[in-house]
Each structure stands twice: as C-alpha cells, then as structure tokens.
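Trainee: Before we start, here is the structure in question, set down as structure tokens.
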Amino acid sequence: MVAIEDVSGTAFVVAEYRAEENREPVPIYRDPVVGVFLSEASRRAAERVSSRFPAAKDMVKTRTRYFDDRLEAEIAAGISQVVILGAGLDTRGVRKQSASVRYFEIDDPNTIELKRHCYAAARIEPGITLIPGNYVTDGLVELLARNGFKFDAPTYFIWEGNVMYMPLATDKQTMRVLKQHVKLFRLSFDYLTQAVIAKTTGDASLTALVESFEAMRAPWLSGIDDVSSLASEIGLNVVENVTTGELYWKYRGRPAASRIFQHYSICTLES
C-alpha cells in the first residue's frame, strides 16, 4: 500500500479542502467520492496550510466548481475524451461518468497506485484509464498513444493545479505538444500572476501562502500576466478567462476576502 509520504502532499491538501465543501449547508458542488483517499494524516497536512492561509480552502473549492461546470458543458457539447493531466486525487472520472466519454488520468506511479488501491477498497469501479508516468519527461504523446487515446477525437484537457509548479517554458511546451498532435481540443487550467510567484504583491499573507508550498517541497515556479498573449504565441484561442474573485462572487454571492483571488485565474483555450 502506498503511504501518504509517497504521494505529493499537495494532492492530499487539495482533496481535504474539496471534501470540506460537502459539509456546507448549501454546497457549491458535491464530491461524494473524495473521502476514500482521506485520513488523519491528510487532515493534518491540510490544516498546516490553512492555518497559515485560510483562503487556500476557497481557492480549491472555487476552482473545483469551475472545472466541474466546464467539464459538464464540454460533455454536453459532444467531446468524447477527457484527459486529466497531473490528476492527483481528482474524482471527476467517477463523479462525471458518461457512456459516450472515455477518461484518461496521468500522474506519477505512486499516485496512480494509491488511487487503484483506494477505489478497490471502496468497491468503486472507476472506469478510467489510469496512466502512470510523467507527462513532461516521459512524453505526453507517447503515454496517451500507448493507452488507446484517439488523437483525432474531440477532447477536453483538464490541467488543474499544475501550471504554477513548472517553469513557464515547460508549460508552453506542453501546450505546443497538444496543438501539434491533437486535432480538436479544449484545455482549461488555473494560474497565478507573476507578482505572487515573485512575492512582490506587498501582501504578507500571500507571501506566507507561497512559502507554505515551498515548505511542502512543492514550490510555485511560474506566473502568467497575459494569457491572451500566451495563447496567441502557442496558436490557441481564448474561450474564457476569469479571475477566481469573479467566480467566488458568482458561486457564493459575496466578495472574496483575500487579495489572492485577484491574482488567481482560470482560463479555457481551444485549438
């Protein structure tokens, strides 16, 4: 059995925050599956981050709702494949199953093994193609090709909680690979401004948040200030680009308290 220390601590932190929304009187989404991954150790890991920066919870919850909504819209529009890059403990392949859609998840072997074990223990048949590997160093195209991915089928790529952990050059190369090899796709990802990464916002709480992830050995490395220029450089079109502050207001009906929501956005691009 893979232990918590063998899987990225951020995966458990995100899962704990996602699960917390289930206990709200009027939750903005429901995730009845995520609990199969959680434990006392994961709860402590999540509390260490939120004790320094409580808004981290709402960052995760807000983006969860966005990706859920966008996924449902893409399925309704007729996509036949969903690929979740750096999937972590994502549960959408179980929660959002569709007879017409095939799910693929890519993550490191330990995370994939943990997911297999937890789903089996809970007697859940995920119906997902779980792919162990690093989509950067092992080759995204090769990983997908070996697992029955159809490069000419309309596909939705979910790239949640990944972009900021890699150099921007690596992010761009991943997008270029998709543009070159996948005929028709949309790609959604969340990103931070460069000021957050560089700790130049002038807000001590935002700096504390960055340092919390550094302490977990998961430092944030890249920020994006102009997603339209980035998309143009890669040859993609911007379908949607919205701050999490706008999303928080939409979902909660009130403004977000932390300035991080001005610096944290989610976009959807298309080929």
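The values are calculated or read from the model by the stated rules, or taken from the named source; none is laboratory data. Remember, predicted model here, so these are calculated numbers, not experimental data. Ligands, DNA and RNA are stripped out before the accessible areas are found, and what is left, the full protein with its side chains, is counted by its heavy atoms. Shrake-Rupley method; radii C 1.70, N 1.55, O 1.52, S 1.80 Å.
Trainee: Pop out the ³J(HN,Hα) list for region 248-263 in order, Karplus 6.51 cos²θ - 1.76 cosθ + 1.60 with θ = phi - 60°, rounded to Hz; leave Gly and Pro as x.
Mentor: Coupling constants for region 248-263: 4, 4, 4, 7, 9, x, 7, x, 6, 7, 8, 5, 4, 6, 7, 9 Hz.
Trainee: Same structure again: With the contact rule set at Cα under 8 Å and sequence spacing of 6 or more, what percent relative contact order holds for region 1-101?
Mentor: For region 1-101, the relative contact order is 33 percent.
Trainee: Might you work out the accessible area of residue 249 for me, using a 1.4 Å probe with all protein chains in place, and round it to the nearest 10 Å²?
Mentor: 140 Å²
Trainee: If you restrict to DSSP beta bridges whose two residues both lie in the chain, what percentage is antiparallel, to the nearest 5?
Mentor: The antiparallel fraction comes to roughly 40 percent.
Trainee: Shifting gears a bit: By how many nm would the segment from residue 100 to residue 51 grow when fully extended, if each residue of separation counts as 0.36 nm and the alpha-carbon distance is taken off?
Mentor: Extra length available between residue 100 and residue 51 comes to 13.4 nm.
Trainee: Anything over 30 Å Cα to Cα? Flag those among 172/199; 57/150; 61/115; 96/250; 179/199, in the order listed.
Mentor: 57/150; 179/199
Trainee: Given the C-alpha centroids of region 102-127 and region 225-267, what is the distance between them in whole angstrom?
Mentor: 30 Å
Trainee: Further, regarding this structure: Full-extension gain between residue 221 and residue 177, please, as 0.36 nm times their residue separation minus the C-alpha to C-alpha distance.
Mentor: Difference between extended and current length: 13.8 nm.
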